[in-house]
């Protein structure tokens, strides 16, 4: 574990912790639990404060690429390279539903805000909407010409945004599957997309090294955020929609002013590609994951370090929260080799 001062990038403390290699992580909406999906095909639920493993969920036969909690914290959804979407009881670990239908790996999954639907994006180029209770396929959305890397609902559940290796960002009517907007501008694969919390904006990150902000209603490109020197793997809005966080293969996590596009802060410390960035539900922590087999937790308000055992990660998703800018520290959880 390494402890850093995030303002000065000074390393404050260092020690080693063992980790299994994981691929994705998400906070519960109350910030008490973390769910991770692993390359060892497992889904694990951890105590976010102590790192105690609360549950191990087994059933997938290939890498788990995406995980998310329902907003009430009672269920977990996971997507895997085995082509399945699975729904789990977050408290008992019981598999509630296995949803098959995709013909390729499932790269991204998310619950709707009310928890009644699940959206998934796949290597079969499709976006699909499922009934979260029955597993029934409600909608199959075709239009992308290459793998769908990222999907998300708008907070009101009325729209879906998707990002694809075909270099496009698309907005869909979640009820009918109709394509509402196609957002073109990226010159590389689109790795990550997200709605702003008020639903008026979309942010995207691409292999073309840019972060872009779009008008969700008109599809107009409002701003290009340049600065990363390698592909951008993850993007997310702050809860008040004033800032954007991005993680890149250039090993950095960056904070941007969403209105001006100005880079406000850069977090250094990873020694390999950063695949994901996200907030804890209470807004006090930023989490980043990297190919250096580490997860770094940047504490935005507290001065007392905390630590937990977990996986090394590739993709991170959390419920939205408002980050605080001020005295900060970060915590790196490093896999020993």
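The values are calculated or read from the model by the stated rules, or taken from the named source; none is laboratory data. For clarity, every value in this text was computed on a predicted model and none was experimentally measured. Ideal geometry is used to build each Cβ from the backbone, glycine not excepted, and the neighbour counts take in all protein chains shown.
A few notes on this one:
- Top-ranked residue of the stretch 126-138 - restricted to ones that are without any contact (Cβ under 8 Å) to a residue 40 or more places away in the chain and part of a loop (DSSP other than H, G, I, E, B), ranked as nearest to the chain's Cα centre (by Cα): 126
- Annotation note: of 330, 336, the sole residue that is in a strand (DSSP E or B), more than 16 Å from the chain's Cα centre (by Cα) and at pLDDT below 50 is 330.
- The residues of the stretch 139-182 that are in contact with a strand residue (DSSP E or B) (Cβ under 9 Å, 6 or more places away or on another chain), more than 24 Å from residue 78 (Cβ to Cβ) and not in a strand (DSSP E or B), listed by number, are 143, 145, 158, 166, 167, 168, 175, 176, 178.
- Residues in the stretch 266-285 that are outside any loop (DSSP other than H, G, I, E, B) and farther than 18 Å from residue 203 by Cα: 266, 267, 285.
Okay, residues lined up against (1) surrounded by 17 or more Cβ atoms within 10 Å (Cβ to Cβ); (2) under 24 Å from residue 37 (Cβ atoms):
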| position | (1), (2) |
| --- | --- |
| 103 | no, yes |
| 106 | yes, yes |
| 131 | no, yes |
| 134 | no, yes |
| 145 | no, no |
| 166 | yes, no |
| 186 | yes, no |
| 201 | yes, no |
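- The stretch 231-255 - residue that is in a loop (DSSP other than H, G, I, E, B) and farther than 15 Å from residue 275 by Cα and, of those, modelled with the lowest pLDDT: 239
- Being over 17 Å from the mean Cα position of the chain (by Cα), touching a residue at least 12 places away in the same chain (Cβ under 8 Å), surrounded by fewer than 24 Cβ atoms within 10 Å (Cβ to Cβ) and within 22 Å of residue 286 (Cα to Cα) holds for only one residue in 49, 42, and it is 49.
- Verdict on residue 5 being modelled with pLDDT under 95 and under 21 Å from the mean Cα position of the chain (by Cα): no
- Subset of the stretch 234-257 (residues that are more than 17 Å from residue 297 (Cα to Cα) and touching a residue at least 60 places away in the same chain (Cβ under 8 Å)): 237, 239, 240, 243
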